[in-house]
Amino acid sequence: MRSSSPIFLSVIAILLVQGMAARAQPLVADLSQHLVAITAGFTGADIVMFGATDGPGDVVVVVTGPPKPTIVRRKGRLAGIWVNREAMLFADAPTFYGIATSKPIDEVLAANQLDRHQIGVDHIRLLPPNPEARRDDIPEFRQALVRARQRDGLFATEPGKVTFLGERLFRARMALPAKVATGTYRVQVFLVREGQVVTVQTTPLLVSKIGFSADVFDLAHQDSALYGLAAILIATAAGWTAAVAFRRI
Amino acid sequence: MHVYLPIAELSVNWFTLLVVGSGVGFLSGLFGVGGGFLMTPLLIFLGVPAPVAVGTGAAQILASSVSGVLAHWRRQNVDVQMGLALAAGGFVGSALGIWIFTLLRQAGQVDLVIRLCFVIFLGSVGGLMLVESVRTWFRRATTGVRKRKLHEHYWLHGLPFKLRFRRSKLYISALLPLTVGFAIGILTAIMGVGGGFILVPAMIYILGMPTQMVVGTSLFQTLFVAANVTILQSVTNQTVDVMLALLLIVGGVVGAQFGTRFGARLRGEQLRILLALLVLGVGLKLAFDLFTTPDDFYSLAPEGQG
């Protein structure tokens, strides 16, 4: 899965032909794979984005994981012990945020543009769902959320590199860690000229448990009584086998 | 060498899990305890979410108690009647414990309560055991073996619903094992431990059971309670990871056999001193963590979970 160069080259060839045929499109981009399969041996995956532009310009690639309601809790001291105290719910906190740019991001777009397109971890719209819960300590909780995700390698700390091959062809690589959430990811490719976003292309990327781990997870959540029984049987059988096996020795 | 754990949703080196499993198994075989009190904190330390560590711990305890009970059964060291009375209390207790666990998870305090329970129980049991075993060691050194009455009578023996437990040569109220089982059941559900390290002293000091019957019977009751907790955790919280459990079990059963063999060479009170030090050490480490300033004051959780 990681060696995507043959596919990459052949798709580049197709894109070149396409680019010549349809010059009107300012940006064409795609992914090396549209499905990331979490199998029993999953240790993370690399996805490769590539494409072509119709002329010079900067490219920013943003990968956003499926949003999940997330609670951030702050610890406080209670009788000398550290205890969870205040909490804040973020309704649409992305579970992953990766970014790659062809030039340092502050040279490409101004802060108001970054906010508008939610480019960069500091510019994602992250707010509690109900307005009355919007206290003045939101920034601290927001930063804590970003920090925790960065610690798990789920939020980018530094933008990755979008490499141009010549003036029009580009590619970028992004690593998904083993801890990624499942669901539909959104890959956005922005074409920027003179501080303005010219066009955006959005491609979905599916991250899904496949095979044994998917079956286990589905069974545990959909048929949990049966799963529990199976767990009991497996544990009992394992214990029994061990007792019998070691009796002989 | 990595394996993806489908419920814990993280990728761990399976060799690490085998080593952890066999290490805990060795100690549990050596001391005749389930080892859950070591397993749960170790799993949390490895990055497994605390609820999953607790739920999976129950499945692992089930496996180790099955193999332990079979060994004791052959030596006729299981008081089935007493075990069933304890298990009956344990069933009710573990159901209540799961309910408490779910509430705590919603309130975001499950981590704290798990840790606090560990600190309190490991601290007190470890401390008592250390004092008792050191005292025995010195007494043996000075006056030889102390003579003890067969039964000491106090208010617990005045309770109603008396039953005769033949194997244990006891005539006591059925309320006693029911209550002890109930309390241990709650702990099993909340802490993901078999409760052997509390049950064994309780059976000796509260119920007055003969020592050679205690371990087998305790394992026998643990079997039922652990099975109950496994299924309840699966249904209520979906926190049992079979993949993780299986790796721990494989390591654990092998380790336990070596532990048992090694343990046969040590004297009773020496074993108890070592166990007491181990229990105290784990308890102190967890207590220390509660009081030290965390690296980050903030923590994340998916909505509705601890």
### Task
Take A:Asp92, project a point 7 Å from its Cα along the Cβ direction, then tell me which residues of segment A:159-183 have their backbone nitrogen under 14 Å from it.
none
#### Entry: Charge dipole (debye, nearest 20) of the protein assembly as shown; +1 at Cβ of Lys and Arg, -1 at Cβ of Asp and Glu
2940 debye
### Task
Bin all alpha-carbon pair distances of chain A at 5 Å intervals from 0 and give each bin's fraction as a whole percent.
1, 5, 11, 13, 14, 13, 12, 9, 7, 5, 4, 3, 2, 1, 0, 0
### Message
Whole-Hz ³J(HN,Hα) for each residue in segment B:288-294, computed from phi via Karplus 6.51 cos²θ - 1.76 cosθ + 1.60 with θ = phi - 60°, x for glycine and proline: what do you get?
### Response
4, 5, 5, 8, 6, 5, x
### Query
What does the charge count near B:Arg267 come to, summing +1 for each Lys or Arg and -1 for each Asp or Glu among other residues with Cβ under 15 Å from its Cβ?
+3
### Task
Please tell me the relative contact order of chain B in percent, rounded to the nearest whole number, where contacts are Cα pairs under 8 Å and at least six residues apart.
41 percent
### Test item: Cα-centred dipole of segment B:2-291, Lys/Arg +1 and Asp/Glu -1 on Cβ, debye
1500 debye
### Query
Using the C-alpha gyration tensor of chain B, what are the square roots of 5 times its eigenvalues, in whole angstrom, with the largest one first?
32, 22, 19
### B:Tyr205-A:Gln113 FRET efficiency (beta carbon distance; Förster radius 56 Å; 0.05 resolution)
0.20
### Task
Positive end of the charge dipole of segment B:2-291 (Lys, Arg +1 and Asp, Glu -1 on Cβ, about the Cα centre): tell me which of B:Val282, B:Thr56, B:Ile114 has its Cα farthest that way.
B:Val282
### Query
By Kyte-Doolittle mean hydropathy of at least 0.5 and Cα axial length of at least 27 Å, which whole DSSP H helices of chain A are selected?
A:224-248
### Message
Quick check for the protein assembly as shown: number of Lys pairs with alpha-carbon distance under 16 Å, counting only pairs 8 or more apart or on different chains?
### Response
4
### Task
Take the Cβ-Cβ distance between A:Ala175 and B:Ser124 as r, set R0 to 56 Å, and report the resulting FRET efficiency rounded to the nearest 0.05.
0.75
### Task
Report the paramagnetic label zone for A:Asp215: residues of segment A:31-66 whose backbone N is under 15 Å from a point 7 Å from Cα along the Cα-to-Cβ axis.
A:39-41
### Summary
Length gained if B:Val80 through B:Leu284 is fully extended, taking 0.36 nm per residue and subtracting the Cα-Cα distance, is 69.9 nm
### Query
Quick one: if you take sqrt(5λ) for each eigenvalue of the C-alpha gyration tensor of segment A:166-249, what semi-axes come out, biggest first, whole angstrom?
51, 17, 8
### Query
Once the dipole of the protein assembly as shown is set up with Lys and Arg at +1 and Asp and Glu at -1 on Cβ about the Cα centre, which of B:Ala174, A:Asn112, A:Ala87 lies farthest towards its positive end?
B:Ala174
### Theoretical gain in end-to-end length, A:Lys161 to A:Thr202 [0.36 nm per residue, Cα-Cα removed]
12.9 nm
### Rg in Å to one decimal, and Dmax rounded to a whole Å, for segment A:21-67 via C-alpha atoms
14.8, 45
## Note on the structure
If the chain between A:Leu78 and A:Thr184 were fully extended at 0.36 nm per residue, the gain over the current Cα-Cα distance would be 34.1 nm
### Message
I'd like the FRET efficiency for B:Phe291 and A:Gln25, computed as 1/(1 + (r/R0)^6) with the beta carbon distance as r and R0 of 51 Å, rounded to 0.05.
### Response
0.25
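Read-outs throughout are calculated quantities, based only on the coordinates presented, and are distinct from any laboratory measurement. For clarity, every value in this text was computed on a predicted model and none was experimentally measured. Virtual Cβ from ideal backbone geometry, glycine too; neighbours counted across all protein chains shown.
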